[in-house]
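Just so it is clear, none of the values below were taken in a lab; they were calculated from the coordinates. The shown structure was predicted, so the numbers you read here are calculated from the model rather than taken from an experiment. Here the Cβ is made from the backbone with ideal geometry for all residues, glycine too, and neighbour counts use every protein chain on show.
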Amino acid sequence: MLVDNIQPKFRSPGQFVVEALAAHLEISKENVIFDKRIRNVQLKPSEQFSWRINRKLKGADQSSEYWFTCIQSIESASPEKQKLIFDWLDKRVGHLKLIIPPLAERRE
C-alpha cells in the first residue's frame, strides 16, 4: 500500500496523505488526546487578501488557544504577504537564526 502510494512522479487521485493515515491509526489505537480548546491558524497567503491574513494573525495574538499555524504555499504569496507572515512568526515564535544554531551545537 505504501509502495503503491509513492510510485507516481506527480500527484495522483489514487494517492493518500501518509500523515493522515498515521493520525487515523493513532486515533484508532486511542493514543491521542482531543482538546477542543486548542486552535490552529490556517493561512493560504496566495489565495487570501492581506486584510484576512492580518485578521487571523491578530486573532491568534489575542487568544492563548492558538497553538499551531499551518501556512500553505507561502512561496507563492506576494513579497508583502511573505514579510507580514515571517515578521509575525519571528515575533510569535522567534527568529529561525536563534533556533537553528542551538540545534546544531547539540549535535557536536
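A Gaussian network model of the chain, with springs between Cα atoms under 10 Å, assigns the largest mean-square fluctuation among Pro45, Pro79, Pro13 to Pro13. For the chain, lysine pairs separated by 8 or more sequence positions, or belonging to different chains, with Cα-Cα distances below 22 Å total 17. Computed across the chain, the Kirkwood radius stands at 17.2 Å (inverse of mean 1/r, all Cα pairs).
Placing +1 on each Lys and Arg Cβ and -1 on each Asp and Glu Cβ, with no other charges, gives the chain a dipole about its Cα centre of roughly 380 debye. Projecting the Cα atoms of Val32, Gln62, Met1 onto the dipole axis of the chain, where Lys and Arg carry +1 and Asp and Glu carry -1 at the beta carbon, places Gln62 farthest toward the positive end. Using 7 Å Cα-to-Cβ label points, what is the Lys83/Arg37 separation (nm, one decimal)? Each label point is offset 7 Å from its Cα along the Cβ direction, giving 3.8 nm. Adding -39500 (n - 2.57) for every DSSP H run of four residues or longer, then dividing by how many residues the chain holds, sets the calculated 222 nm ellipticity at -15000 deg cm²/dmol.
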